[in-house]
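Asker: Right, I'll just put the structure down here and ask away after.
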Amino acid sequence: MQQRIFTPAKIAGSLMWFLPLFLIVGLCATEQLSATPAQGHWSVVLKPVVDVFYRPLDPVWLEHQIPLSCLNSFDCPRSTQLLYNQVVFVEYEINDPETDQPWCWIAMPDRFTTIDEKSAYYNWSDQSWNIYFNHRWARSEDLTPVSEISENGVIPAPLSFADKASFENPNVITLVYPWSCHYLGLTFSAGTRFVRAPLHDTYHSYAVLTPESATILMVPRSIAHVPALFSRQERIELFTQLLRSWAHLPEGSIPFVWGGRSFIGAVINQDIWLEKIRGEIKGEIKNIGCWHHSDESWDVHTGIDAHGISLLAQICGIPVCACCSEGIPNNLRPLIPGELIENGDYIRIIGGGLFAVTDVTNGMVVGACGYQPGYGTFFEFQISERFVDAYSMDDLLALHVDQLPVTLKTKDGRFKEFERLIIYKISSAW
């Protein structure tokens with residue numbers, strides 16, 4: 001395979017950030033990660049799912065489980081999640097003096113928040129405003145330095161917003177549903193990627209390698225695919241099909257998880273409960289409402305939030321890397337006059353969530369909605385179920401074109417008005 005090198009790039013004016021630098025060669029030789037920065041190192045996740053945070057955890061979260069979400073959403077410390085085999089660049093490590101816990105400041109190559117200088121984010125590490133488009137805090141215990149992996153060619157080269165060619169790797173499979181591997185005793189989330197050993201493939205299974213086992217493992221073809229083998233239009237069709245499939249699981253539903261980018265199991269909504277705790281967050285003692293699932297065997301809550309639909313896009317080989325609404329304009333193009341809404345297109349409600357179109361003809365939309373509106377799940381709905389005075393895609397298109405305010409209703413019939421909605425073309429991701 002031809003070598004592809006990801007080089008550092010200057011983003012957001014005068015700010016300098018390291019973009020991923022990876023050397024990718026064929027499985028017949030090696031597959032390895034290289035870094036040019038003088039400090040820092042590449043690390044890989046070797047747990048099915050790990051949480052990543054806005055800031056090192058306050059002591060209250062060392063005493064209580066990180067919740068699905070909070071009544072005040074930003075009380076929840078989770079920013080996003082990483083899956084097994086995902087690679088990040090550790091820029092530096094600290095020992096939090098308040099909790100005596102080691103933490104890593106990481107760059108995630110497969111996602112960004114914003115590269116718009118007008119949309120700054122609060123940097124908890126130095127208590128100042130700045131732009132961090134793909135940097136967050138991870139617990140040191142959740143990461144393993146790549147240098148400690150003895151075998152070459154077992155870690156999939158990561159997806160990267162710096163190079164859309166990273167989505168075209170035929171030597172990697174992606175799980176479209178969870179996979180329980182009895183050999184390793186682990187259940188992997190949908191979205192997990194593995195390096196293939198294609199000479200050992202069978203009619204029913206893909207052969208894969210892992211950093212933790214010298215044994216070739218077999219993944220059923222029914223729960224995985226090779227996105228690079230599909231055309232762009234086929235990937236959009238797969239994306240739409242997967243959205244609908246995840247929204248209609250026979251065993252329950254995927255819970256809403258603030259910052260969630262994982263799917264290991266479904267839950268029954270009646271098993272969700274609200275806990276009230278009191279603790280210190282960012283120096284303030286306050287009451288905190290925490291949503292939990294009653295299955296306490298989950299060390300990490302798995303599920304997705306409104307922006308988790310981008311995980312599904314990546315599973316289908318679509319290079320959508322924005323992990324918040326403000327980043328969408330840097331990744332997708334709004335509909336222009338004369339264009340029609342198509343399946344897979346994004347509907348962004350300014351200040352009110354993100355959805356994807358699944359059935360233009362019947363006015364169906366999919367998204368993850370939080371607990372306050374009465375949903376707390378990833379589900380498919382008819383436009384009129386949530387939009388006030390909108391019943392079809394033509395109505396949504398008119399709101400987009402005329403830049404009019406949009407009103408959403410909650411499950412119990414309450415109304416909330418938002419500035420406007422913007423519809424983005426999924427096909428513009430390339």
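Read-outs: derived from the displayed coordinates by stated rules, not from any lab. Since the structure is predicted, the reported quantities are computational estimates derived from the model, not experimental observations. All Cβ positions, even for glycine, are placed from backbone atoms using ideal geometry, and neighbour counts span all protein chains on display.
Asker: Farthest toward the dipole's positive end in the range 224-371, which of HIS225, LEU238, GLY283, given Cβ charges of +1 (Lys, Arg) and -1 (Asp, Glu) about the Cα centre?
Answerer: Result: GLY283.
Asker: Based on the Cβ-Cβ distance from TYR391 to TRP273, what FRET efficiency comes out when R0 is 45 Å, to the nearest 0.05?
Answerer: 0.80
Asker: What does the charge count around LYS286 come to, taking other residues whose C-beta lies under 13 Å from its C-beta (Lys +1, Arg +1, Asp -1, Glu -1)?
Answerer: -1
Asker: If we count every other residue with Cβ under 12 angstrom of LEU184's Cβ, Lys/Arg +1 and Asp/Glu -1, where does the sum land?
Answerer: Combined, the nearby Lys, Arg, Asp and Glu give 0.
Asker: Can you list residues from other chains, or at least 5 along the same chain, whose modelled amide H is less than 5 Å from the amide H of THR377?
Answerer: Residues meeting the amide H criterion: PHE256, CYS369.
Asker: Next question, about the same structure. How many nm separate the modelled label positions at GLU280 and SER140, each set 7 Å beyond the Cα in the direction of the Cβ?
Answerer: 2.2
Asker: Going by how many other Cβ atoms sit within 10 Å of their own, how do PHE378, PHE112 line up, fewest first?
Answerer: Fewest-to-most ranking of PHE378, PHE112: PHE112, PHE378.
Asker: For each of ASP100, ASP142, ASP305, count neighbouring Cβ atoms within 10 Å of the residue's Cβ, then give the residues from fewest to most.
Answerer: Listed from fewest to most nearby Cβ atoms, that is ASP100, ASP142, ASP305.
Asker: Please compute the Cα-Cα pair-distance distribution of the range 199-353 with 10 Å bins starting at 0, giving whole percents from short to long.
Answerer: For the range 199-353, the pair-distance distribution reads 8, 27, 33, 21, 10, 1.
Asker: Still on this structure, I have one more. Mind giving me the nanometre distance, one decimal, between the label points for SER231 and ASP96, set 7 Å out from Cα along Cα→Cβ?
Answerer: The modelled label-to-label distance comes out at 5.0 nm.
Asker: Please give the peptides 286-294, 66-74, 340-348 ranked by average Cβ packing (other Cβ atoms within 10 Å per residue), highest first, as a rough proxy for protection.
Answerer: So the peptides 286-294, 66-74, 340-348, ranked by packing, come out 340-348, 66-74, 286-294.
Asker: Around VAL172, which amide H atoms from residues at least 5 apart in sequence, or from another chain, sit under 5 Å from its own amide H, with H modelled in the peptide plane?
Answerer: Counting only residues 5 or more places away or on other chains, the set is ARG196.
Asker: Over the range 250-310, what relative contact order in percent results from Cα pairs under 8 Å that are six or more residues apart?
Answerer: 44
Asker: Can you tell me the equivalent ellipsoid semi-axes for the range 213-297? Use √(5λ) from the Cα gyration tensor, largest first, whole Å.
Answerer: They are 36, 17, 16 Å, listed largest first.
Asker: Just to be sure I understand the model, the point goes 7 Å from the Cα along the line to the Cβ. What's the resulting HIS248 to LYS411 distance in nm?
Answerer: 2.0
Asker: Arranged by the count of other C-beta atoms within 10 angstrom, fewest first, what order do LEU243, LEU186 take?
Answerer: By the 10 Å Cβ count, ascending, the order reads LEU186, LEU243.
Asker: With the contact rule set at Cα under 8 Å and sequence spacing of 6 or more, what percent relative contact order holds for the range 201-319?
Answerer: Once divided by the residue count of the range 201-319, the mean separation gives 25 percent.
Asker: In debye, nearest 20: dipole of the range 325-430 around its Cα centre with unit charges on the Cβ of K, R (+) and D, E (-)?
Answerer: Dipole size: approximately 300 debye.
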